[in-house]
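**Student:** Handing you this structure, nothing more for now.
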Amino acid sequence: MAASCHEERCLAKLLDLIRRHQDDAPLILLFAAGIVGAYTQATLPARHGGEMWNLAWNLADHGTFANPFSPLKTGPTASNPPLAPLLTSALIRIFRAPFLIYMSSALLSILANAFSAALLPRLSRVFFGDAVPGIFAACLWLPTMQVIPGWDTNYTSAALIYFACLTASILGSGADSKWGASVGAGVLAAALCLLNPSTLLVWFPWLVYLYVRIGIRSRRAVQSIAIILSIAFIASAGWAHRNQRALGSFVIRTRLGSVLYVSNNDCAQPTILQEEMSGCFHSFDPNASIAEAEKLQQLGEIRYDKLRESNAMEWIRTHPGRFAKLAWARFVFFWFPKADSIPSVFSFGENFGDRDYMEQWQNRERRVAYAISASTLLSCLGLALMLHARLPVVWFVIVSLGLYPLMYYVIIADVRYRDPVLWISLLPAGYFLTRLFDRGNPSSLRNAEAPQS
């Protein structure tokens, strides 16, 4: 009993220390995340390459959004959103030297991750009326964040967190309509659509939550949300119009049919790493198979994608049991990533480095997977406490985490797919840890009556 009381006093003192320095936390977390990211990059440089890098080089060299696949030049594309390749192409034009391009892209990824860590305490005030859960969430973010240069992942996470903070500030303020801030939020929403169109399943429910919570009879809130949605729609429609002219179809993105085909076939495995090791990925994906790239080149991207979608759906229809097992495994691995083992005799080729690099990479991936799995467990406990406390924001968390992953249950699993919504899991986890440290005095964790800036 005495030991338990001593433990509670220690936890209470630690929590009190955090509260007394909570205003300094964002800067501390910014530097901490930057140091962790720089150390990770220095000890195990992130891999680069792939479709978005191919697009970026094509943009820089030829000025066209085309040829994303390595085996062949397949022409204009909408297989990937445009913003991340555009950013990397700008770095290519500035630096030209491959090493400098790679290092600058890695630095931007590290800065995006650091920015995310620094913003979590601010967003925590919006969620809970208290920065401390966000400080705990940011501490959990440090071992889970990954440096992924050239891809949209790190930028998307940071942009989503900042969008949530910015819109809460705009709609939560009692001031008159902030036209400039609303336009800025609209530009950010447009950027999210052009980084990762699936983020609509996160930021739109967030706007609905803010509107219901604080603006249901506010003309100012309606105006701000209308501005945000209009700008996002115009940007998305503009990109879709480009695709209509280049590809013959008014779409935001293609590639779903191809990915479904790679993910659901006779040799399909739950994760992308398992598919690469089995050789299945190299037989079905146009970025690895010359035969598939030739087929895409012959049919064009739209017709090829529809064909492969039809093939995948036919396989799913005729193999319901096998599909159910794959979908269940991918559901589990989205929330609790699988730390795959790489056989000692297996080699990915030059892009993945030598055996020593592969072993270090595997160990790091295992640590990230374990950290994300632990955060998932803590977030489940936090969600239970949030429901018990009847915090309104819990419904945004449930809706967004219910909608966003749906697509990832039917395609090959990869740990990076979790990143854009990982912060939504981390905040309930931080809430649970705060309540755990604050046991016996839950009143110190205030329930936010309305979103705060």
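**Student:** Among the listed residues LEU160, LEU171, identify the single one that is surrounded by 22 or more Cβ atoms within 10 Å (Cβ to Cβ), within 24 Å of the chain's Cα centre (by Cα) and either without any contact (Cβ under 8 Å) to a residue 40 or more places away in the chain or assigned to a helix (DSSP H, G or I) (or both).
**Tutor:** LEU160
**Student:** Moving on to the next point. Restricting attention to the range 375-388, which residues are without any contact (Cβ under 8 Å) to a residue 40 or more places away in the chain and either among the basic types (Lys, Arg) or closer than 21 Å to LEU273 by Cβ (or both)?
**Tutor:** Of everything in the range 375-388, nothing turns out to be without any contact (Cβ under 8 Å) to a residue 40 or more places away in the chain and either among the basic types (Lys, Arg) or closer than 21 Å to LEU273 by Cβ (or both).
**Student:** Inspect all residues belonging to the range 121-143 and state whether any of them is within 19 Å of THR376 (Cα to Cα) and outside any helix (DSSP H, G or I).
**Tutor:** no
**Student:** In the list ILE302, ILE316, which residue meets the criterion of being under 23 Å from TYR404 (Cα atoms), β-branched (Val, Ile, Thr), modelled with pLDDT of 95 or more and surrounded by fewer than 21 Cβ atoms within 10 Å (Cβ to Cβ)?
**Tutor:** Exactly one of ILE302, ILE316 is under 23 Å from TYR404 (Cα atoms), β-branched (Val, Ile, Thr), modelled with pLDDT of 95 or more and surrounded by fewer than 21 Cβ atoms within 10 Å (Cβ to Cβ), namely ILE316.
**Student:** Continuing with the same structure: Which one of LEU194, LEU200, LEU229 is within 19 Å of the chain's Cα centre (by Cα), surrounded by fewer than 19 Cβ atoms within 10 Å (Cβ to Cβ) and aliphatic (A, V, I, L, M)?
**Tutor:** The conditions single out LEU200.
**Student:** So which residues in the range 243-274 are farther than 13 Å from SER79 by Cα and charged (D, E, K, R)?
**Tutor:** ARG245, ASP266, listed by residue number.
**Student:** Look at ARG220 and say whether it is closer than 21 Å to ILE170 by Cβ and surrounded by fewer than 21 Cβ atoms within 10 Å (Cβ to Cβ).
**Tutor:** In short, yes.
**Student:** I'm trying to understand the selection: among the residues of the range 72-91, which are in contact with an Asp or Glu (Cβ under 8 Å, 6 or more places away or on another chain) and not small (Gly, Ala, Ser)?
**Tutor:** LEU72, THR74, PRO76, THR77, ASN80, PRO81, LEU83
**Student:** Which residues, counting only those in the range 181-217, are assigned to a loop (DSSP other than H, G, I, E, B), in contact (Cβ under 8 Å) with a residue 40 or more places away in the chain and more than 17 Å from ARG253 (Cα to Cα)?
**Tutor:** The one that is assigned to a loop (DSSP other than H, G, I, E, B), in contact (Cβ under 8 Å) with a residue 40 or more places away in the chain and more than 17 Å from ARG253 (Cα to Cα): GLY215.
**Student:** In the range 282-299, which residue that is of a type in the set (A, V, I, L, M, F, W, C) and surrounded by fewer than 18 Cβ atoms within 10 Å (Cβ to Cβ) is farthest from THR271 (Cα to Cα)?
**Tutor:** Ranking the candidates gives LEU299 first.
**Student:** Something else: Give the residue that is nearest to CYS280 (Cα to Cα), with candidates limited to residues of the range 321-348 that are among the aromatic types (Phe, Trp, Tyr) and at pLDDT 85 or above.
**Tutor:** PHE323
The values are calculated or read from the model by the stated rules, or taken from the named source; none is laboratory data. Keep in mind that this is a model prediction, so the values were computed, not measured. Positions of Cβ are backbone-derived with ideal geometry, glycine not excepted, and every protein chain shown enters the neighbour counts.
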